[in-house]
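What follows is a short report on a single structure.
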Amino acid sequence: MKFKFPVLAVVFCLFASSALAEMIVINGRYIVPKDSIRGYFYRQSDQQTVFDIRWSDWSTQYRCQDLYDRTRVQAASLNFVLQISEASALDFEDFLDSEGFVECSKF
C-alpha cells in the first residue's frame with residue numbers, strides 16, 4: 001500500500017504533462033488547445049492583407065499595410081501550422097512581422 005500514492009502521483013503527472021503538451025499560450029494571455037486554433041488570410045476590398053485568427057470561443061484580426069500576395073500568404077499559412085504544432089507560445093503580431101508582413105495591427 002505504500003507505493004499506491006507515489007504511483008498515482010506519477011501517473012497523474014504524466015497525464016497532466018501530456019495534456020499541457022497540447023496547449024499553447026496565445027499572445028501571452030490565453031492558454032488554449034492547439035487543435036482549436038484556426039488562421040485565415042484574406043484580402044480586403046482595398047487589397048490589404050487581413051489575418052483572422054480564431055481559437056475556442058475567441059477571435060482576433062490583424063490588418064497589414066501591404067498588398068495581398070498569394071505566394072507569401074501560402075508560405076505564411078504553412079509556417080503558421082508548423083509554429084502552432086511546435087511552439088508552446090505564439091504572439092500573432094510577432095509571427096506576422098517575422099513573415100514579412102508590414103505594419104500589422106489589431107482591428
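The values are calculated or read from the model by the stated rules, or taken from the named source; none is laboratory data. Keep in mind that this is a model prediction, so the values were computed, not measured. A quick note on method: Cβ atoms are made from the backbone with ideal geometry, for glycine too, and the neighbour counts reach across all protein chains shown. With ligands, DNA and RNA removed, areas are computed over all heavy atoms of the protein, side chains included. Shrake-Rupley method; radii C 1.70, N 1.55, O 1.52, S 1.80 Å.
Measuring from label point to label point, each 7 Å out along Cα→Cβ, what is the LYS106 to GLU22 span in nm?
2.8 nm
Which FRET efficiency value, to the nearest 0.05, do you get for ASP66 and ASP91 by plugging their Cβ-Cβ distance into 1/(1 + (r/R0)^6) with R0 = 30 Å?
Working from the Cβ atoms, E equals 0.95.
Which value, in Å², gives the accessible area per residue of the stretch 38-107 when a 1.4 Å probe is used on the protein heavy atoms?
62 Å²
What FRET efficiency comes out for SER36 versus SER77 if R0 is 22 angstrom and r is the Cβ-Cβ distance? Round to the nearest 0.05.
Efficiency at R0 = 22 Å is approximately 0.80.
Which order do the peptides 29-39, 48-58 come out in when sorted by mean C-beta neighbours inside 10 angstrom, highest first?
Answer by packing, highest mean first, reads 48-58, 29-39.
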